[in-house]
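The block underneath contains the structure these notes are about, expressed in C-alpha cells.
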Amino acid sequence: MIVQSVFGPLATIYLLGIPSLLVMAIVGSFLVLIIEVGSEAGVTGTVEITCASVATVLVVFYLCIHLYMTNYRKIEVYFSSFPWLRHNGDIPTKQNFSRSYPTRCPFTDNKPTLRCPSCGVHTCERAFNLSGKRIAVALGRTVLRWEMARDITEKYSHDPMAGRKKLDAILDYKGNYLNGGLSDCCVGCATWQRCFSLQPRLALSLAMISLFFAFSPWAFREFFVIIGSPAGAILQNIFSGLGIMYGGSAAALQLQLLFRTSVFAEKYRSKIPELTPAIPKPTRPILMHLWNTFATAPWDKVN
C-alpha cells in the first residue's frame, strides 16, 4: 500500500494520459476552496466535510463502475474464456490427424508466427503485445497466472522435471500494475490482464487510500491538535485534498477500463463475434474522439 500511496498519482498520470488533467482540475478546484475557507487543527469544519463527501462520492462512482463490469455485465468472461482460440483456423496434420496446426491469426487473419505464453493462441507479430521492457521496473511487478501455476503443479505431480519447466515458464509471465507493462503475449491476454488484474489492483488501492486521507481529520483529530496551528491545520488540509485526488484517480482509472474493453471488443468483434462491447460505440465525431481519448493514453494505445 505504501508503494501505491507514493507512486499512485504518477502511475495514474501515465496510465490515463490526457484525462488525468480532469483529475488535476477537480483536485485544484478543491485546493482553492481549502485555501479560501481555511480550517483549524482538530476541528472538522466545512472544508473537511466537503472534501470527505466528494472523496466518498468518487469512491462510490468507482465501485459502481467496478460492480457494473464484474457483477452485472461480467465482462471478464469475454476475455478469460479465450474466445479467440476458436478462430485460429486449425487444420489436422497429415502425419497425425489427432493434432492440428493453426492457419490464421484470429485478430488479423494473417499467418501466425508467434505463440502466446498465457492462452496458447498462435498469432502474427501485429497481434502480439510487446511491452516487456516496462515490467523491468521492480516496483509494482507481480506474477499474473497463479491459477495456471497451481494447475501445472497438480497435473505434473508425477513428472516433476517436465512440470518444473512449464512452471518456470508461466511464473515468468509477469505484469506491472504501476505502468501497465506485462510480458509479451497476444493482444487479447494483454487487454484481459491490464483491465481485470493490473489496473484494478491499483484502482482499488487508490480508493482505499482516498478514504483513509478523507476521514483522517476525524480519525486523527488529537494528532492534529498536538501538532498545533498552523502546521496541524495545513497538514489536515493536505490530507483532505489527498482524499479527493486519490478518489478521483481511482474513479478515472476504472472508467478507462470500461472504455478500453469496449474499444478492444469493437475493434476485433468482426473477427471474434464472442467479444461484446460494454458500451456502444458512438457515431458522432466529437463523441468518437472522447471514446478514444478516455480508452487509453496516447503512448499506450489499445492493440
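The values are calculated or read from the model by the stated rules, or taken from the named source; none is laboratory data. The structure presented is a predicted model; accordingly, all values stated were derived computationally and were not measured. As a convention, Cβ positions derive from the backbone with ideal geometry for all residues, glycine included, and neighbour counts pool all protein chains shown.
Each row is one residue, and each column tells you yes or no for (1) more than 30 Å from Q4 (Cβ to Cβ); (2) at pLDDT below 85; (3) outside any loop (DSSP other than H, G, I, E, B).
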{"position": "N110", "(1), (2), (3)": "yes, no, no"}
{"position": "K133", "(1), (2), (3)": "no, yes, yes"}
{"position": "D151", "(1), (2), (3)": "no, yes, yes"}
{"position": "G163", "(1), (2), (3)": "yes, yes, yes"}
{"position": "L178", "(1), (2), (3)": "no, no, no"}
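Quickly run through region 256-283 and pick out the residues that are in contact (Cβ under 8 Å) with a residue 40 or more places away in the chain, among the small types (G, A, S) and part of a helix (DSSP H, G or I).
Matches in region 256-283: A265 only.
In region 197-223, what residues are among the aliphatic types (A, V, I, L, M) and under 25 Å from the mean Cα position of the chain (by Cα)?
Those that are among the aliphatic types (A, V, I, L, M) and under 25 Å from the mean Cα position of the chain (by Cα): L198, L202, A203, L204, L206, A207, M208, I209, L211, A214.
Residues to consider are I226, I234, I170; find the one that is over 29 Å from G17 (Cα atoms), part of a helix (DSSP H, G or I) and under 26 Å from the mean Cα position of the chain (by Cα).
I170
Pick from region 34-58 the residues that are assigned to a helix (DSSP H, G or I) and more than 24 Å from L255 (Cβ to Cβ): which of them is modelled with the highest pLDDT?
In the first step, residues of region 34-58 are kept if they are assigned to a helix (DSSP H, G or I); the result is 34-37, 46-58.
Keeping just the survivors that are more than 24 Å from L255 (Cβ to Cβ) gives 34-37, 46-49.
Working: I34: 72, I35: 68, E36: 69, V37: 68, T46: 78, V47: 80, E48: 80, I49: 86.
Among those residues, the one meeting the criterion is I49.
Could you look through region 284-303, keep only residues that are assigned to a loop (DSSP other than H, G, I, E, B) and touching a residue at least 12 places away in the same chain (Cβ under 8 Å), and pick out the one that is nearest to the chain's Cα centre (by Cα)?
So, considering only residues that are assigned to a loop (DSSP other than H, G, I, E, B) and touching a residue at least 12 places away in the same chain (Cβ under 8 Å), the one nearest to the chain's Cα centre (by Cα) is T296.
I'd like the full set of residues that are of a type in the set (G, A, S) and surrounded by 15 or more Cβ atoms within 10 Å (Cβ to Cβ), limited to region 248-303. If you could, list the steps in order and put the result at the bottom.
Taking region 248-303 first, the residues of a type in the set (G, A, S) are 248-252, 262, 265, 270, 278, 295, 297.
G248, S249, A250, A251, A252, S262, A265, A278, A295, A297 - these are the residues of region 248-303 that are of a type in the set (G, A, S) and surrounded by 15 or more Cβ atoms within 10 Å (Cβ to Cβ).
Among the residues of region 59-88, how many are part of a helix (DSSP H, G or I), of a type in the set (A, V, I, L, M, F, W, C) and under 17 Å from the mean Cα position of the chain (by Cα)?
So the answer is 9.
Between a first residue in region 226-244 that is among the aromatic types (F, W, Y) and a second residue that is assigned to a helix (DSSP H, G or I), which pairs have beta carbons less than 7 Å apart while being 6 or more apart in sequence or on different chains?
Pairs that qualify, where the first residue is among the aromatic types (F, W, Y) and the partner is assigned to a helix (DSSP H, G or I), are F239/F213; F239/S216; F239/P217.
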